[in-house]
Amino acid sequence: MSSTAHSSPSDAVTVGVQECVQLLRGPSDERRFVGLLLATKLLPAGDEHIMLKIHDAVGSSFITRLLLPLKSPKASYNSINDSQRVTAAAGLGLAVLAGLCRVPQLAAATEVVEKTPLFLKVVRAGGITPILQQGAPAHRADAESADSHAVGDALDCLVQVVASGHEGCTVALQSGGILAAAQALQAGVATNQPWKATAVQLLGLLLSAAKRSESLAEAPEVVLTAVPALAQLFGAPADQASATGQTKQPSAGATSQTQSASLPADAAALQLEAMQVLLLLLPLPMSQAQEAASGLSAAAARSGEGWAGDIRSGLFMVLASRVGQQQRHSALRLAAALLDLVQPHWLLGPVHAVAASGSFFQVLVEIVKVETSLLLNDTMALLQPSTPTPAQESATSNGQPTSSHPTTQSENQSSTPTTDIHAHVSDTAPPAVDQMRPGTNPSIVNAGPKTGAAESSTSHSDLGTSSHDGQGDSRGGTTSCGAEPASSGRQHNHCSIDNSNDSSNAVIGARVADVLPAVLSLLEGCLEALAGDAQDAELLADGKEQTITKSLLDDRLATRAMSALSEAFETVLQFLELMQSDASESSQNSPWLLAAIRAYGRFMAEVPNAHAKRLQTLVGWLVQCQGGAALPFLLPGLLLCGQPDADSLELVEPGTHRSWQQALLQPEVLTAVVQLVCKAAVLAEEATQAQLGEESDLEPGAEAGAEAELAAATALLQAIIAQESAIPDATVTLQHFACYVSSLPCASHSRCCYNA
């Protein structure tokens, strides 16, 4: 009497269905009510055929009658029994409807879609009892349990209705479904309700369908409500692993440390789903969500990180696990989104599963180093289709696949710890492609990191030859060509790049657009966090800082992190050198070129003595890139290299400072700098007018940035002009510069121009 998943129901089930159908056909309501009770036992295990038979038997009108009191509840009932009977009937109607909605055609039916506001009403109220028994005494335990089941049933109905088609989704959005789902999620996480995963699913479906900027602008409390709850779910597996002792601190000296944290599959799946919904909310569209951004930042500061610490713990569990490429990339995008809300120092904090600080930072730096190489290789493959990168040529000659995202695991493992808690959880599709935003200029940090980066002897044409460091797809096997699971929603081709294949290039382009901005942002953030920690250590050693008890990173970990970051930034420099040699319009106007210059400018501001000779050959081209748009990102580093007292540059190689003076006196550099000074002067003038209340085109908050850019550009111009006496052959260059300045139609010569 057994049956398989694809066979007809067993005889016992068939008899039960027949009895249920007879009861549902009445004629009395009492018989139908008993039939619904029997249906609640049959629906969870029933197939679509059984559900349709039950629906045809009961019809929609009887269920609508059971739910009618929820729409217009009475002020009072004749007796407690009447109240309880109506409450039980409404709960039964919701339970049956939740089962029937598993059939897509039933969930999309007009009579079900019309009940969407009613489902949301139950979710907002926290059950049926608060709606039907207003002003009644405190809930009994059985009433609380019934209300919890009712909220779960209502959420199940909403998920199916929203997923069934455009009409149901539109009704839910217009009825305030996003905020209701966020509030249900918050309540479910706080009280550990079994339906919290359904609330996550509903919120994700609605956010995917809505216009994010408009939704968050209309209801900024959605972010304040949902992000901390999602963060708690995302970090919860780290707590479980810590409680069971399954996750240990990574060993710095190990070359391949595998940690097995065998969490339940549903816990890992919920963690990954929470990550995807977080990415639908973050990064925030700042112009529309200033209130939400301020609220989240303040909440993190008040609670000693709180939700931000939860996200860091969840990211550690994902990045230190053998996850697929899609999941790893999603985690990197989420980490980058957090940098918009919290300071880079957040990257150094502890995780729930590991007592010591720096574990997450160690894992992140190693993965970012590898992904920088792989993604820049992908970018070069897109921009220079007829010229494969040296890494691809080398791989091809060795008979290896040339994709920069291989599925095979490298023999030369990284020291990054790995676990396999997500090994059997399929990837989910990421949200829409992020757009690269240049942001503000990198500031000068006088305190350098704990270790410098010497001039590298590595061939600068060898872009991205580092292995994947064990961060490949972990689902087992060693294949030379594979793809992400179909469930991911987007297949990432792991085969050799065929530049004649438009679909392959489209996949690579989407991957670069999705992940490269996040990876470059994380490179900058990691460097800033490392420099800040070094500065804290110096202040602590000098006894000048009483609020700092200790540096978060020990010297050994800081040295390893700086070494990995230096490798990553050298890869960025190699990318820039290859881009200089490509005069095509697509390469020179690529947004990834500007993003790479910004990232390297941040490194140059921290370690000005790295790669000096290679930079000096590039600087004339760099400052002119994209009409001078790249120069503001290079200002801090160029200032350090151009200062007359830059003695630290001589520590690497004698004559470095003098060669920098000559490089900065190139006509291309002078022209670009004076153009920037004049442009910054005009913007600073507009900023002054805006501060005086006059009309201005500047965005709010841009005044300080305009003044800072003018000050930095002017300081660099002064430093360049001061080199005339130090460089014997500078006269011709400065004469050219003087002629150029006199021809500029600058409205603010008094602020920006100097008589050469």
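The values are calculated or read from the model by the stated rules, or taken from the named source; none is laboratory data. Since this is a predicted model, take the numbers as computed values, not measurements. Here Cβ is always computed from backbone atoms with ideal geometry, including for glycine, and neighbour counts include all displayed protein chains. Remember, those area values only see protein heavy atoms, side chains included, never the ligands or the DNA or RNA. Shrake-Rupley method; radii C 1.70, N 1.55, O 1.52, S 1.80 Å.
For segment 550-601, the solvent-accessible area works out to 36 Å² per residue, with a probe of 1.4 Å and every protein chain left in place.
Ranked by accessible surface with a 1.4 Å probe, highest first, in what order do H611, H55, H149 come?
On the way: H611 5, H55 40, H149 120 Å².
Accessible-area ranking of H611, H55, H149, largest first: H149, H55, H611.
Roughly speaking, what is the centre-to-centre gap between segment 163-211 and segment 597-632 when only Cα atoms are used, to the nearest Å? That distance is 47 Å. Place +1 on the Cβ of every Lys and Arg and -1 on the Cβ of every Asp and Glu in segment 78-202, take the dipole about the Cα centre, and give the residue among V171, T110, A90 whose Cα lies farthest towards its positive end. Working it through, the farthest residue towards the positive pole turns out to be V171.
In this simple spin-label approximation, H49 and A722 carry label points 7 Å from Cα along the Cα→Cβ vector, and these lie 8.8 nm apart. On a 29 Å Cα-Cα criterion, which of the cross-link pairs K121/K211; K41/K115; K53/K196; K196/K369 come out too long? Over 29 Å apart, Cα to Cα: K53/K196; K196/K369.
Annotation: extensible slack from Q18 through E111 equals 30.9 nm (criterion: 0.36 nm per residue apart, minus Cα-Cα distance).
If the chain linking S503 and L539 were pulled fully straight, counting 0.36 nm for each residue of separation and taking away their Cα-Cα distance, it would gain 7.6 nm.
Counting every pair of alpha carbons in segment 569-612, the share spaced more than 12 Å apart comes to 60 percent. Specify whether the C-alpha gyration tensor of segment 22-130 places it in the rounded, prolate or oblate class, a ≥ b ≥ c being the square roots of the eigenvalues: rounded for a/c under 1.5, otherwise prolate if a/b is larger than b/c and oblate if not. In terms of gyration-tensor shape, oblate.
Placing dummy labels 7 Å off each Cα toward the beta-carbon, the span from K613 to E221 is 6.5 nm.
Averaged over residues, the count of other Cβ atoms within 10 Å places the peptides 223-232, 578-587, 364-373, 103-112 in the sequence 364-373, 223-232, 103-112, 578-587, highest first.
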